[in-house]
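The values are calculated or read from the model by the stated rules, or taken from the named source; none is laboratory data. Everything numeric here is computed off the predicted structure, so don't read it as measured data. Here the Cβ is made from the backbone with ideal geometry for all residues, glycine too, and neighbour counts use every protein chain on show.
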Amino acid sequence: MFRRISSIFFILLSLSAFSAELDGISGVYDDIELIHSAAPKLCILDTEHPDVIRAQIADKGVDQYRSVRLKKDILRLGVPSCLLYHYSEFKAEDFNDPSVKAVIVLPRKKMLSRKYDEVLFDFLRKNETPILGICGAHQMIAEAYGGRFALMRPLKSGERDLNPLKSPGYFKEWGFYKVTLLKEDPIFKDIKNPASFRMLHSYEIKELPGDFEILASTAECGIQVIRHKKKILYGTQFHPELYDSTHKDGEQFLKNFLSISALIKPD
């Protein structure tokens, strides 16, 4: 009896600690039970630190939080259902539901906990669902498979720092850049070469695991797009979701991923 009560107490304590990560954050993430609905769906995994989320929501409101904006855009592109979760709530068994047709993993400015990373890394290695990792999540994919990422090169003498608040003294790609497509792939359908995508990074993959191939690069960053050799697992150093009316390659890139995942029909 004592053992049973202790087990129940431990479970309740774990659930309390689990939920506490997102205290004060409301109106952003979906109920996990929705993942088991029948509608074909894409799930977005947000890896951002809750402190950063709280600050961004306080500054701009829930509707302007980047993950919420991406969810709205995915729905606008024609996906039947799109659900948004924080990776501290993530359980691989939920994402194994057959209605989950694809997953997009978003980056973070600040790590929450290595224990959550390890759960995500295990999912990235084992899952067969189409996955797209963006920017820092692209680097996390490489790390999950044994790769390495680090800061880009130091700035040269007299070279302007495009964002002195982030990794001062190091080169970074910040803004829209031309990206050279190195190999043909369905992810580049209807995208001209070179393409134009928005960058916001000072880190890059330094060592790519042998499970992957490089699909695109820039002059300063040799590993801009990766794909697993045996399954639909992509990483992009750039941000395809941050396109605008004069730089629309990112929108087409997202459409292609959704089409590959059978969530929308090809154009």
Scan the range 184-206 for residues that are of a type in the set (Gly, Ala, Ser) and buried (at least 21 other Cβ atoms within 10 Å of the Cβ) and jot them down. 195
Here the qualifying pairs (Cβ atoms under 9 Å; residues six or more apart or on different chains; first in the range 214-231 and under 15 Å from residue 125 (Cα atoms); second charged (D, E, K, R) and assigned to a loop (DSSP other than H, G, I, E, B)) come out as 227/183; 227/185; 228/211; 229/211; 230/211; 231/128
State the number of residues belonging to the range 180-207 that are in contact with a Lys or Arg (Cβ under 9 Å, 6 or more places away or on another chain) and closer than 15 Å to residue 149 by Cα. 6
Just to be sure I understand, how many residues within the range 200-222 are closer than 19 Å to residue 242 by Cβ and either in a loop (DSSP other than H, G, I, E, B) or at pLDDT below 95 (or both)? 4
Note: among 118, 89, 143, just one is without any contact (Cβ under 8 Å) to a residue 12 or more places away in the chain and either outside the structural domain of residue 55 (by TED's automatic domain parsing) or of a type outside the set (S, T, N, Q) (or both), namely 118
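Looking at 171, 188, 176, which is the one that is of a type outside the set (Ser, Thr, Tyr), under 19 Å from residue 239 (Cα atoms) and touching an Asp or Glu at 6+ places or on another chain (Cβ under 7 Å)? Even if it seems obvious, please write down each step before you answer.
Working: 188 fails: touching an Asp or Glu at 6+ places or on another chain (Cβ under 7 Å); 176 fails: touching an Asp or Glu at 6+ places or on another chain (Cβ under 7 Å).
None of the others qualify; the one that does is 171.
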Yes/no for residue 102 being in contact (Cβ under 8 Å) with a residue 12 or more places away in the chain, more than 22 Å from residue 264 (Cα to Cα) and aliphatic (A, V, I, L, M): no
Selection over the range 31-59 where residues are surrounded by fewer than 17 Cβ atoms within 10 Å (Cβ to Cβ) and charged (D, E, K, R) yields a count of 5
Quick one: residue 252 ticks every box in (1) over 21 Å from residue 41 (Cβ atoms); (2) in contact with a strand residue (DSSP E or B) (Cβ under 7 Å, 6 or more places away or on another chain) except a single one, so which number is it? (2)
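Just checking: which of the strands (runs of 3 or more DSSP E) contained wholly in the range 75-184 hold 3 or more residues that are over 21 Å from residue 65 (Cβ atoms) and more than 14 Å from the chain's Cα centre (by Cα)?
Details: elements: 81-86, 100-106, 131-134, 148-151, 173-181.
Of the strands (runs of 3 or more DSSP E) lying wholly inside the range 75-184, those with at least 3 residues that are over 21 Å from residue 65 (Cβ atoms) and more than 14 Å from the chain's Cα centre (by Cα) span 148-151, 173-181.
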